[in-house]
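Presented below is the structure to which this report refers.
The values are calculated or read from the model by the stated rules, or taken from the named source; none is laboratory data. Note that the structure is a prediction, hence the values are computed from the model and not measured. So basically every Cβ, Gly included, is an ideal-geometry build from the backbone, and we count neighbours across all protein chains shown. Note: accessible area is taken over every heavy atom of the protein model, side chains too, but ligands, DNA and RNA are not part of it. Shrake-Rupley method; radii C 1.70, N 1.55, O 1.52, S 1.80 Å.
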Amino acid sequence: QLQLVESGGGSVQPGGSLRISCTASGFTLDRYTIGWFRQAPGKDREVVSCISAGVSGSGGSTNYLDSVKGRFTISRDSAKNTVSLQMNRLNAEDTAVYYCAASITYFSASYINVGCPARREYSYWGQGIQVTVSS
C-alpha cells in the first residue's frame with residue numbers, strides 16, 4: 001500500500017522553528033517530485049515548496065512560495081525515504097495544516113526552477129499535520 005505520513009508538527013512561538021517530515025511506505029520518494037502544501041482555515045490549499053525527483057539531500061531543483069523564501073528549506077533523506085521541510089522564523093501566517101504530496105509525473109529540474117507543479121499533478125497525499133504559530 002502506497003502511503004505518505006507527515007510528522008513533526010506542533011505549536012511554536014513567533015520567530016521559532018519547526019521541522020516537519022514526510023515518510024513514504026510502499027514506494028521510493030527519490031523517484032517522485034514532492035510538494036509540501038498547506039491549508040489555513042477558510043483558505044485554499046497552496047503549495048509551499050517542491051523538490052525535483054532523483055536527488056538526495058538538499059540538492060536538485062527546489063522552489064518556494066514567495067512568502068516562505070529564505071525561511072523554509074526542503075530536503076530529502078534517501079536513506080530514510082523522507083522529505084523534510086525546515087521552517088524557520090515562523091509567523092502567525094504560517095499556521096495551517098501541512099500536507100506532503102508525491103507526483104508520478106516527471107517534472108524536470110528546469111521546470112521546478114520556474115515553479116512547483118499544480119495541486120492536480122500530485123497523486124499521493126499524506127493526511128496532513130497541524131502547525132500552529134502563536135504567542
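Taking SER21, is it within 16 Å of the chain's Cα centre (by Cα), surrounded by 21 or more Cβ atoms within 10 Å (Cβ to Cβ) and outside any loop (DSSP other than H, G, I, E, B)?
Working: within 16 Å of the chain's Cα centre (by Cα): yes; surrounded by 21 or more Cβ atoms within 10 Å (Cβ to Cβ): no; outside any loop (DSSP other than H, G, I, E, B): yes.
No.
Return yes or no: is SER67 assigned to a strand (DSSP E or B) and over 17 Å from PRO117 (Cα atoms)? If you could, list the steps in order and put the result at the bottom.
Numbers: assigned to a strand (DSSP E or B): no; over 17 Å from PRO117 (Cα atoms): yes.
For SER67, the condition - assigned to a strand (DSSP E or B) and over 17 Å from PRO117 (Cα atoms) - is not met.
Residues are listed down the side, and each one gets a yes or a no for (1) surrounded by fewer than 20 Cβ atoms within 10 Å (Cβ to Cβ); (2) touching a helix residue (DSSP H, G or I) at 6+ places or on another chain (Cβ under 9 Å); (3) modelled with pLDDT under 95:
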residue: ALA102; (1), (2), (3): no, yes, no
residue: TYR111; (1), (2), (3): yes, no, yes
residue: CYS116; (1), (2), (3): no, no, no
residue: GLU121; (1), (2), (3): yes, no, no
residue: GLN127; (1), (2), (3): yes, no, no
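From the list LYS80, LYS69, which residue is surrounded by fewer than 21 Cβ atoms within 10 Å (Cβ to Cβ) and either touching a residue at least 40 places away in the same chain (Cβ under 8 Å) or among the hydrophobic types (A, V, I, L, M, F, W, C) (or both)? So that I can check it myself, show each step before the final result.
On the way: LYS69 fails: either touching a residue at least 40 places away in the same chain (Cβ under 8 Å) or among the hydrophobic types (A, V, I, L, M, F, W, C) (or both).
LYS80 is the lone residue from the list that is surrounded by fewer than 21 Cβ atoms within 10 Å (Cβ to Cβ) and either touching a residue at least 40 places away in the same chain (Cβ under 8 Å) or among the hydrophobic types (A, V, I, L, M, F, W, C) (or both).
Can you report the number of residues in segment 4-18 which are part of a strand (DSSP E or B) and closer than 13 Å to TYR99 by Cβ? Let's see the steps before the verdict.
Let us first name the residues in segment 4-18 that are part of a strand (DSSP E or B), namely 4-7, 10-12, 18.
When the remaining residues are screened for being closer than 13 Å to TYR99 by Cβ, the result is 4-7.
Residues meeting the conditions: 4.
For the list (1) without any contact (Cβ under 8 Å) to a residue 40 or more places away in the chain; (2) open to solvent by less than 40 Å² (accessible area, probe 1.4 Å); (3) more than 21 Å from ALA24 (Cα to Cα), I need the number of the one condition that SER75 fails.
Checking SER75 against (1) without any contact (Cβ under 8 Å) to a residue 40 or more places away in the chain; (2) open to solvent by less than 40 Å² (accessible area, probe 1.4 Å); (3) more than 21 Å from ALA24 (Cα to Cα), the one that fails is (3).
Step by step: first the residues of segment 28-41, then only those that are open to solvent by 20 Å² or more (accessible area, probe 1.4 Å) and modelled with pLDDT under 95, then the one that is farthest from ASN63 (Cα to Cα). Which residue is that? If you could, list the steps in order and put the result at the bottom.
To start, the set of residues in segment 28-41 that are open to solvent by 20 Å² or more (accessible area, probe 1.4 Å) comprises 28, 30-32, 39-41.
Keeping just the survivors that are modelled with pLDDT under 95 gives 28, 30-32, 41.
Values: THR28: 21, ASP30: 17, ARG31: 17, TYR32: 15, PRO41: 24 Å.
Once the filter is applied, the top-ranked residue is PRO41.
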